[in-house]
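Below is one structure, written out as structure tokens; the observations come after it.
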Amino acid sequence: MSHHRVVFLEDDRDLRDAFADFASIMGSDCLKLASYQDLLDHRGEVLDCDRAILDVNLGAGEPSGLDAFRWLRAQGFSGKVVFLTGHAATHPLVAEAHQIGNARVVAKPATVAVLHSLLDSGGEP
Amino acid sequence: VTRAPGTAVRHAWRGALVAALLNGLAMPMDILVGRGIPGMPVWPPLASALVGLSLAALLLGRRHRPTMALSSWAFVINNVAILATLWVTSAAYAAAGNWVPFQAHKLGILAVALLAPTLPIGIGGVVAYVGTAITQYQLFAPAVRASLPPGQSWVLLIYGLFGGVLLLNRVRELALERAVERARTEAAATERLARAFLAVRDLANTPLQTLTLAAAALRSRAPQLEGLLDRMDRAIERLRRLNAILEPQRSPRWDQGDESFDPAALLGASREARYSPPSRPARAPSARSPGGPAPAPGSGDRPSR
């Protein structure tokens, strides 16, 4: 089991907490962020992480996980990025996420095995 | 909640209204045309026009709540008034001589073909115009009949045939139009349903993910609860399968501004749209650009490790 520092960007508080708990059990540190603005506000901590799990839809009228992805890359974040989404694959944002070559898209609810692989291997399929 | 009248009812109402207005406005002209004819009564065209205008007023008064029955009865009454008037005036015209016979009946046949609310009423109307004209022609005195162009019965039958064909063609076109409208309505309902299913999925997926993770955490921390957690995992798996079933076969159309939406708001809009005419469901505001104003306080706590 490898130790990772993970950014978890998700607008649902319960899921953030549950994931942080899970990551802790898996021996990883989790930086829980609720919004795109949180991401900007915690730039230093974010860039210390080596992987990011981003919810695609961060709420009506809010910047999306794709905006977060673009910001991360613009900041030089070189870690693994995974999109976690509850939307159908045909949703425009999810379709766009699939177009991004160096990021994996995982559908909610992902199984424990899949989530384990995200933390263990960094989102490699 | 009121339903908008269907295509057939709207067509029937419009046809009956036009027929009544034609009667109400054109019949008084017959008084002018026939004013030099000896023995031509004035009251039948006036009475017919009055019937037409009254029916038009009634139909206009019910324009927001038209019914097929009202339109059908108005159309029938209107044409009975016209036929009765033509029976009286045709006799006077024929007796006066120099008359091109049954022109009004021929117009009536075409008008019925174009305006009848239903096929049976249309066929009845065409038969009535042809039938009364031929009957009257046969009842004219031999001297009167001899003064008219020959073969009038055949001419009227040919008009009746043309009227019938026009009527059938129009009814067929209306049926096609109704089928198109029905298909459009069904497509809109399917679209709403697909969006509602997606919204249900979107609403359910995050809590399901939370349950999955919470169960995994519990399994790690309290192995003695294994039996309980197995049942929980099975329940989550069943919900996961239900979720897969809810994925529509065909994706709904996604438009600009649909990128980030509120599933709960969409479900509310779907419920409201159930009894409304087809329309696009309400959409959450478009995603704010990252450079825009700061987001409103969300459901989240502050970031933490």
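A compact table of results
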| read-out | value |
| --- | --- |
| Virtual spin-label span in nm between B:V33 and B:L110, 7 Å along Cα→Cβ | 1.2 nm |
| Peptide A:16-22 - average C-beta neighbours from other chains (10 Å radius) | 6 |
| Segment A:58-125 shape via C-alpha gyration tensor axes, a/c threshold 1.5 | oblate |
| Cα-based shape type of chain A, given that a ≥ b ≥ c are square roots of the gyration tensor eigenvalues and the cut on a/c is 1.5 | rounded |
| Nearby lysines by direct alpha-carbon distance to A:K108 (threshold 26 angstrom, same-chain neighbours under 8 apart not counted) | A:K32, A:K80 |
| Global form of segment B:28-177, assessed from the alpha-carbon gyration tensor, a/c cut-off 1.5 | oblate |
| Label-point separation, B:A222 to B:A187 (7 Å along Cα→Cβ), nm | 5.4 nm |
| Average beta-carbon neighbours from other chains, 10 Å sphere, peptide A:8-14 | 5 |
| Rounded Å value of the spacing that divides the Cα centres of segment B:164-227 and segment A:2-55 | 33 Å |
| Reduced Cα scattering model of segment A:13-59, Debye log10 I(q)/I(0), q = 0.24, 0.26 Å⁻¹ | -0.99, -1.12 |
| Size of charge dipole - segment A:1-74 - debye, nearest 20, with Cβ of Lys, Arg +1 and Asp, Glu -1, no other charges | 300 debye |
| Packing-based ranking, highest mean first, of B:177-184, B:234-241 given that Cβ atoms within 10 Å are counted | B:234-241, B:177-184 |
| Ordering of B:134-141, A:17-24 by packing [mean C-beta count within 10 Å, highest first] | A:17-24, B:134-141 |
| HN-Hα J in Hz across segment B:211-223 - Karplus 6.51, -1.76, 1.60, θ = phi - 60°, x for Gly and Pro | 4, 4, 5, 5, 5, 5, 5, 5, 4, 6, 8, 9, x |
| Exercise: per-residue mean of other protein chain Cβ atoms within 10 Å, B:159-167 | 0 |
| Within straight-line cross-link reach of B:K106, aspartates and glutamates at Cα separation under 16 Å, skipping those fewer than 8 residues along the same chain | B:D30 |
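Bear in mind that the values in this text are calculations on the coordinates, not laboratory data. The shown structure was predicted, so the numbers you read here are calculated from the model rather than taken from an experiment. Note that we place each Cβ from the backbone using ideal geometry, even for glycine, and neighbour counts take in every protein chain shown.
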